[in-house]
Amino acid sequence: MITLELEISQHAKEQMINRGFSKREIEECIMCGSKTLQDGKIISTYRDYKVVYKKIKEKYFIITIMYRW
């Protein structure tokens, strides 16, 4: 599996801890999920969760991660 260059916001780190998400799940969601654009951000949905991020050059700036419901 390819490792992405992630920069994770403090908010997203807190959500990862609170909701039990791993860095690998974020990478899977970005690489395999369906994507939509909203206010200049990318929302990637995969399985039962979604990741909100911005792509800045080759880095992925992770804003938050959440369950779909």
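Observations, loosely collected:
- Helix-only [θ]222 nm of the chain, DSSP H runs n ≥ 4, -39500 (n - 2.57) each, per residue, nearest 500: -8500 deg cm²/dmol
- Residues in the range 21-29 carry Karplus couplings, in order, of 8, 10, 4, 4, 5, 4, 4, 4, 5 Hz; the curve used is 6.51 cos²θ - 1.76 cosθ + 1.60 with θ = phi - 60°, and Gly or Pro positions show x.
- Springs between Cα atoms under 10 Å define the GNM used for the chain, and in it the highest mean-square fluctuation of E27, E58, E14 occurs at E58.
- Amide H contacts of T64 (H built 1.01 Å from N, under 5 Å, at least 5 apart or other chain): V52
- Using a probe radius of 1.4 angstrom, the carbon and sulfur fraction of the accessible surface of the chain is 50%.
- Separation between Cα centres of the range 1-31 and the range 50-64, rounded to whole Å: 10
- Computed log₁₀ I(q)/I(0) - Debye formula, equal Cα scatterers, no solvent, the chain, q 0.19, 0.20, 0.22 Å⁻¹: -0.66, -0.74, -0.91
- Potential lengthening between K13 and K57 on full extension [0.36 nm per residue; Cα-Cα distance subtracted]: 13.7 nm
- Relative contact order (%) - the chain, alpha-carbon pairs under 8 angstrom, separation at least six: 36
- Rounded to whole Hz, the Karplus (6.51, -1.76, 1.60) HN-Hα couplings of the range 37-49, x for glycine and proline: 9, 8, 6, x, 10, 9, 10, 10, 10, 8, 6, 10, 9
- Once backbone amide H atoms are built at 1.01 Å from N, Y49 has R68 as its partners under 5 Å, excluding neighbours fewer than 5 places away on the same chain.
- Charge dipole (debye, nearest 20) of the chain; +1 at Cβ of Lys and Arg, -1 at Cβ of Asp and Glu: 120
The values are calculated or read from the model by the stated rules, or taken from the named source; none is laboratory data. Computed from a predicted model, the values in this text were never measured in an experiment. When we count neighbours, we look across all protein chains shown, and the Cβ atoms used for this are built from the backbone with ideal geometry, even at glycine. Side chains are part of the model used for accessible areas, which takes the heavy atoms of the whole protein and leaves out ligands, DNA and RNA. Shrake-Rupley method; radii C 1.70, N 1.55, O 1.52, S 1.80 Å.
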